[in-house]
Amino acid sequence: MNEQRKTVIVTGASRGIGHSTAVYFLERGWQIITCSREETPPECQRDRNWTTHIATDLGDADSLANFVEKANEALGDRPLHGLVNNAGMSPKTPFKERLGCLNGDLDAWREVFDLNFYAPLKLSRGFASALHKGKGAIVNITSIAGHAIHPFAGSAYSISKAALSAMTREMANEFAALGVRVNAVAPGEIETEMIQPEYEALIPRIPLDRMGEPKDVASAIYYLCSEDSSYVTGTEIWVTGGQHMF
């Protein structure tokens, strides 16, 4: 690792918003440490600034602990400047029905909370020392669904994201003592593999009249990790094309 370059950790980085975010930081000269259940895409493995990728299931406590250990080993005594808690899940029934409060196995709810809520908390604790050294920033990826009923996102997903929004505020207050800023980005309808054809019906609700692209979210995440937001903490940026206003 190059001590002259800043370093960011991005979870869920093999596809979608996470992958776009990793590439966005790479293009701006940052070193990145990533994890996902899949391996790094081949085109990214050739980038020497993509320092470390560790195949990890963040919903599994042992796998998460191993990632924290290996990533801290990769950092050594060097500082960490950003942690992007992006990995998440939104399960559906076999018939693509949203999982509500009245249906679905409660074990599925626990899996959602393990990944969407507890993993960001555990990772933020695990990298607190390195972030303190770098006077870094944590960015939690929440969702428009955490603030209003969504026609497709399930209740467990929406509630986990609402909890993550609240935790962002609490973390911002506590991590400030370490010189670490904590913010969130709440995407709306972003064109990723999670988006199904039925989401097209939501475009009329979006003032900008289009779905977002992963890079729209990545640029907001980058801003919150950069020096341009050095006095910003405890906030949540909406990346929804204005959909959250209605």
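The values are calculated or read from the model by the stated rules, or taken from the named source; none is laboratory data. Just so it is clear, the model here is predicted, and its values are computed rather than measured. As a convention, Cβ positions derive from the backbone with ideal geometry for all residues, glycine included, and neighbour counts pool all protein chains shown.
Some points to look at:
- Yes/no for Val180 being crowded, with 21+ Cβ neighbours inside 10 Å, in contact with a Cys (Cβ under 8 Å, 6 or more places away or on another chain), closer than 23 Å to Thr21 by Cα and modelled with pLDDT of 95 or more: no
- Test: residue in region 163-171 that is at pLDDT 95 or above, more than 17 Å from Val232 (Cα to Cα), surrounded by 22 or more Cβ atoms within 10 Å (Cβ to Cβ) and under 13 Å from the mean Cα position of the chain (by Cα): yes
- Taking the numbered list (1) at pLDDT 95 or above; (2) surrounded by 13 or more Cβ atoms within 10 Å (Cβ to Cβ) in turn, Asp228 passes all entries but (2).
- Qualifying position, being of a type outside the set (S, T, N, Q), under 23 Å from Ile141 (Cα atoms) and either part of a loop (DSSP other than H, G, I, E, B) or modelled with pLDDT of 95 or more (or both), among Phe67, Phe95: Phe67
- Options Phe152, Phe113, Phe117: the member that is modelled with pLDDT under 95, surrounded by fewer than 23 Cβ atoms within 10 Å (Cβ to Cβ) and either in a loop (DSSP other than H, G, I, E, B) or in contact with a Ser or Thr (Cβ under 6 Å, 6 or more places away or on another chain) (or both): Phe152
- Close pairs (9 angstrom Cβ cut-off, 6 or more residues apart or separate chains): aliphatic (A, V, I, L, M) and in a loop (DSSP other than H, G, I, E, B) in region 220-235, exposed (fewer than 15 other Cβ atoms within 10 Å of the Cβ) and at pLDDT below 95 anywhere: none
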